[in-house]
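Here is the structure we will look at, set down as structure tokens.
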Amino acid sequence: MIHIPSPSIEPTIGVIDTLFDSSVYFSEWVDYHDMVDKNIPKDPKDYQHGTAVTSIIVDGVRLNPWLDDGCGRLRCAILELL
């Protein structure tokens, strides 16, 4: 189980992407509201890209340490598109 600290005063980055899997370890860092019409079917693959992009923004320091720019973790607010 991966653990990161809870967010506090970090800036929030807006993201327009696909759906977000709120069961991931960093979900506390992501402000996500599912706005897709309930009549539109959702497939598990619809969550892959949006979740991957937010993982880089939130925990890129751990995921890609060779790209550490010293900014630390950032929060995300995500608006999804299918």
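The values are calculated or read from the model by the stated rules, or taken from the named source; none is laboratory data. Please read these numbers as outputs of a predicted model, since none were measured by experiment. Every residue, glycine as well, gets a Cβ built from its backbone with ideal geometry; the counts of neighbours run over all protein chains shown. With ligands, DNA and RNA removed, areas are computed over all heavy atoms of the protein, side chains included. Shrake-Rupley method; radii C 1.70, N 1.55, O 1.52, S 1.80 Å.
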Cβ-Cβ under 7 Å pairs, at least 6 apart or on other chains, the range 46-64 side over 17 Å from residue 35 (Cα atoms), far side part of a helix (DSSP H, G or I) and open to solvent by less than 60 Å² (accessible area, probe 1.4 Å): 58/29; 63/55
Do you know which residues across the range 1-16 are among the hydrophobic types (A, V, I, L, M, F, W, C) and exposed (fewer than 10 other Cβ atoms within 10 Å of the Cβ)? 1, 2, 9
In the range 17-58, residues that are open to solvent by less than 50 Å² (accessible area, probe 1.4 Å) and assigned to a helix (DSSP H, G or I) total 11
Report, by residue number, each residue of the range 14-63 that is hydroxyl-bearing (Ser, Thr, Tyr) and under 13 Å from residue 81 (Cα atoms). 18, 32, 47, 51
